[in-house]
Amino acid sequence: MSTIVSISTAPGIGGIGIIRMSGENTFKILDKIFKQKSPKNINQIPGYTIKYGHIIDDEKIIDEVLVSYFKAPKSYTTEDMCEINSHGGTVVMRKIMDLCLKNGAEIAEPGEFTKRAFLGGRIDLSQAESIIDIINAKSDREAKEGIKQLEGFLSERINEIKNKLLEIMTNIEVSIDYPEYDTPEVTNNEILETIKSSKEKLVELKKSFDNGKMIKQGIKTVIIGKPNAGKSSLLNAILKEDRAIVTEIEGTTRDTIEEFVTINGIPLNLIDTAGIREAKDEVEMIGIEKSKKLAEDADLIIAIFDSSKDFSKEDLEILEIAKNKKTIIILNKIDLEQKITSENPKLEIFNKNIINMSTKNKIGLESLFEKITDMFNLDEINLDNDIVITNERHKNLISKAIDNLDKAESILKNGMPIDIIAISLKDTLSNLGAITGEEAGEEIINEIFKRFCLGK
């Protein structure tokens, strides 16, 4: 394969910049542009070594650098590889990369370094995807789960299931090829037991996706209420910035405002919505319908009410929307005389999740955070011992594998010929192999690595 190069640090000015190069000509190209302070032949430089010197162009010094040497196969890509640590200026890094290109390297595609690690067998496809998750992690828990998958916990579990299924596939093939030694009753019982135990493990993994989705995407939290109940003020208070416009004029928020925030380690995808009332025009009507739809799909509803006013028909509609969902009721404006209190009969079903608040004076905010923490205690998800599926692709493939095992079980129970079971088991193995990459097509692999940033 060609020798590739890319800037691996984020664009902009920084203290240090890294230019990464990988491929069979890495050290030949480096020799042309790097002048070591204490010169040594590449054969004398061990892998995992850093050398000090200068990047030069026709004896002209471009920058003072440190170069890390990684020799095949013990490198990130499994190829000869180096990382040039330069000063972080955009111009300097670009000059160094251009020198590498000038001397025979090619510009790397997004994710090409990690793709070579996958093709070289150092990591499987699920581990490669976990690298994206680590880079894009928005919370400690998401990063921790990404690290676990990078270490191969998911791959190990998938391979355990695959190996058990491969064992019974072998037994089936033996029974077909050597029928004189066939013992159908014992064989069928063993097959059925393996199918059931494999399916149980896959169902457990699939169920973990609900937790994994919350860890990765955040708890979808929709703030609903009438105009001027304090929705936007609450959003601003949680974010600690003036993200939404707050005025005395009703109907200021006509579309959704969406932000990601972490509260006590719990990731929230926080959505402020248009106030629910009788719409004044078509635009507001669309915004209100959107608010109701978002509330229906929410993991958590924060329903906020102006406690200085009696319940209106719109307030009662909001309570109706919220009653079958995980909901926190905010009685706002407690700095004014209250007409709605937590003892109100209409709030009876929410009695454990009612918080008195003044968004104006920042009263009750900590109580809200504590309530969210109680309702979504992600500490109960033991990331040290449990495998949590956070990837939609993995979940879909696991679902397909479960369906194929269901087919195999049904075929066996209906007394059909044993060789027919092999078809469903092969499909199951193909589904599981697509997770780790053995059965993934080139198109899927390319699509996954396109999601990487340059230089990774």
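Taking the range 98-134 as the range and being in contact with a Ser or Thr (Cβ under 7 Å, 6 or more places away or on another chain) and either assigned to a helix (DSSP H, G or I) or without any contact (Cβ under 8 Å) to a residue 12 or more places away in the chain (or both) as the test, the residues that pass are PHE113, ARG116, ALA117, LEU125, SER126, GLN127, ALA128, ILE131, ASP133. Among (1) among the polar types (S, T, N, Q); (2) closer than 30 Å to ASN189 by Cα; (3) within 31 Å of the chain's Cα centre (by Cα), where does ASN414 come up short? Going through (1) among the polar types (S, T, N, Q); (2) closer than 30 Å to ASN189 by Cα; (3) within 31 Å of the chain's Cα centre (by Cα) one by one, ASN414 breaks only (3).
Based on what the data block shows, is GLU64 charged (D, E, K, R), farther than 24 Å from GLU106 by Cβ and part of a strand (DSSP E or B)? Answer is yes for this residue.
Residues in the range 1-29 that are charged (D, E, K, R) and surrounded by 21 or more Cβ atoms within 10 Å (Cβ to Cβ): ARG20 alone. Only residues that are assigned to a strand (DSSP E or B) and of a type in the set (Val, Ile, Thr) were counted in the range 84-97, giving 1.
Checked against (1) surrounded by 18 or more Cβ atoms within 10 Å (Cβ to Cβ); (2) more than 17 Å from PHE209 (Cα to Cα), THR373 passes all but a single condition, namely (1).
Criterion applied to ILE304, ILE321 was being at pLDDT 90 or above and not hydroxyl-bearing (Ser, Thr, Tyr), and the one residue passing it is ILE304.
As for the range 439-446, it holds at least one residue that is surrounded by 14 or more Cβ atoms within 10 Å (Cβ to Cβ), closer than 20 Å to ASN163 by Cβ, among the charged types (D, E, K, R) and touching a Leu at 6+ places or on another chain (Cβ under 9 Å). One residue stands out in the range 243-275 among those that are at pLDDT 65 or above and in a loop (DSSP other than H, G, I, E, B): the one that is nearest to the chain's Cα centre (by Cα), namely GLY265.
Of the residues making up the range 102-118, those that are crowded, with 16+ Cβ neighbours inside 10 Å and not polar (S, T, N, Q) are ALA105, ALA108, PRO110, GLY111, GLU112, PHE113, LYS115, ARG116, ALA117, PHE118. The residue list ASP374, ASP419, ASP427, ASP335 contains one member that is within 27 Å of GLN149 (Cβ to Cβ) and among the acidic types (Asp, Glu), which is ASP427.
In the set (1) part of a helix (DSSP H, G or I); (2) in contact (Cβ under 8 Å) with a residue 24 or more places away in the chain, LYS138 fails one condition alone, (1). Condition check: modelled with pLDDT of 95 or more, over 22 Å from GLY121 (Cα atoms), surrounded by 15 or more Cβ atoms within 10 Å (Cβ to Cβ) and out of contact with any Asp or Glu (no Cβ under 8 Å at 6 or more places or on another chain). Does ILE84 satisfy that? It is true that ILE84 is modelled with pLDDT of 95 or more, over 22 Å from GLY121 (Cα atoms), surrounded by 15 or more Cβ atoms within 10 Å (Cβ to Cβ) and out of contact with any Asp or Glu (no Cβ under 8 Å at 6 or more places or on another chain). Does ILE176 count as assigned by TED's automatic domain parsing to the domain that holds LEU397, at pLDDT below 85 and buried (at least 18 other Cβ atoms within 10 Å of the Cβ)? Here the answer is no, as ILE176 does not meet what is asked.
Sub-8 Å Cβ pairs linking a first residue in the range 141-162 that is within 19 Å of ARG122 (Cα to Cα) to a second residue that is outside any helix (DSSP H, G or I) and acidic (Asp, Glu), at least 6 apart or interchain, are GLY152/ASP124; SER155/ASP124, ordered by first then second residue.
Yes/no per residue for (1) outside the structural domain of THR78 (by TED's automatic domain parsing); (2) outside any loop (DSSP other than H, G, I, E, B); (3) aliphatic (A, V, I, L, M):
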{"site": "ILE13", "(1), (2), (3)": "no, no, yes"}
{"site": "ARG20", "(1), (2), (3)": "no, yes, no"}
{"site": "GLU24", "(1), (2), (3)": "no, no, no"}
{"site": "PHE27", "(1), (2), (3)": "no, yes, no"}
{"site": "LYS32", "(1), (2), (3)": "no, yes, no"}
{"site": "PRO39", "(1), (2), (3)": "no, no, no"}
{"site": "HIS54", "(1), (2), (3)": "no, yes, no"}
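Considered as a group, the residues in the range 291-334 that are surrounded by fewer than 14 Cβ atoms within 10 Å (Cβ to Cβ) and among the acidic types (Asp, Glu) include one that is farthest from LYS226 (Cα to Cα), and that residue is ASP297.
Taking (1) of a type outside the set (Lys, Arg); (2) more than 15 Å from MET21 (Cα to Cα); (3) part of a strand (DSSP E or B) in turn, ILE50 satisfies each apart from (2).
The single condition from (1) under 22 Å from ALA237 (Cα atoms); (2) of a type in the set (Lys, Arg); (3) touching a strand residue (DSSP E or B) at 6+ places or on another chain (Cβ under 7 Å) that LYS360 fails is (3). For the range 37-55, a residue qualifies if it is modelled with pLDDT of 95 or more and surrounded by 14 or more Cβ atoms within 10 Å (Cβ to Cβ), and the qualifying residues are LYS51, GLY53, HIS54, ILE55.
Where helices (runs of 4 or more DSSP H) fall wholly inside the range 355-456, the ranges with 3 or more residues that are outside the structural domain of GLY265 (by TED's automatic domain parsing), farther than 30 Å from ARG20 by Cα and without any contact (Cβ under 8 Å) to a residue 40 or more places away in the chain are 392-413, 418-436.
The values are calculated or read from the model by the stated rules, or taken from the named source; none is laboratory data. Please read these numbers as outputs of a predicted model, since none were measured by experiment. Glycine also receives a Cβ, built like all others from the backbone with ideal geometry; neighbour counts cover every protein chain displayed.
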